[in-house]
Amino acid sequence: MAVVRYLVRDVDAALAFYTEHFGFEVQQRWGPAFAILKRDDLQMWLSGPASSAARDMPDGRSPAPGGWNRVVVEVDDIDEAVARLTEAGVTLRNDVARGPGGAQILAEDPSGNPVELFQAD
């Protein structure tokens, strides 16, 4: 199953938009911070301003809608994945961020596009 995360300004508004206009169904919801939608073989993670995915990066950049959307690759062991990527010279945007659903870190592809590694709790 493919997973896409979208940073949104308002989770409620995004839920209404995707369920009403695109046929997504709500799978899970964590208050105003985060929701998971599903349609066929696609999960969409909607992360609001209060979510761990919206935290500022160590270099001062702030994730925002439109520029931080990314592919999510789920891993079984995030620490092992970070060690492997670091050894390979892959650029990591931040340290592992831990939230109520798991842990995440952003790697950059050769063009600077973010790829999220995520380990569920």
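The values are calculated or read from the model by the stated rules, or taken from the named source; none is laboratory data. A quick note: this is a predicted structure, and the numbers were derived from the prediction, not measured. Cβ coordinates were reconstructed from backbone atoms using ideal geometry, including for glycine residues, and neighbour counts include every protein chain displayed.
Data overview
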read-out: Unique match (being touching a Lys or Arg at 6+ places or on another chain (Cβ under 7 Å), closer than 27 Å to residue 92 by Cα and of a type in the set (A, V, I, L, M, F, W, C)) among 44, 57; value: 57
read-out: Neighbours by Cβ (under 7 Å, 6+ apart or cross-chain): first from the stretch 26-42, free of Cβ contacts under 8 Å to residues at least 60 places away in the same chain and part of a loop (DSSP other than H, G, I, E, B); second of a type in the set (A, V, I, L, M, F, W, C) and exposed (fewer than 13 other Cβ atoms within 10 Å of the Cβ); value: 41/1; 41/2
read-out: Qualifying strands (runs of 3 or more DSSP E) (wholly inside the stretch 49-121; at least 1 residues being without any contact (Cβ under 8 Å) to a residue 24 or more places away in the chain, loosely packed, with under 15 Cβ neighbours inside 10 Å and among the charged types (D, E, K, R)); value: 102-108
read-out: Search result, residues across the stretch 60-82 that are modelled with pLDDT of 90 or more and on the phi > 0 side of the Ramachandran plot; value: 60
read-out: Complete set of residues in the stretch 1-25 that are among the hydroxyl-bearing types (Ser, Thr, Tyr) and either at positive phi or touching a residue at least 24 places away in the same chain (Cβ under 8 Å) (or both); value: 6, 18
read-out: Exclusive hit being more than 21 Å from residue 112 (Cα to Cα) and more than 14 Å from the chain's Cα centre (by Cα), set 28, 43; value: 28
read-out: Qualifying positions in the stretch 1-25 - at pLDDT below 90, touching a Lys or Arg at 6+ places or on another chain (Cβ under 8 Å) and assigned to a loop (DSSP other than H, G, I, E, B); value: 23
read-out: Residue 14 vs. criteria buried (at least 17 other Cβ atoms within 10 Å of the Cβ) and touching an Asp or Glu at 6+ places or on another chain (Cβ under 9 Å); value: no
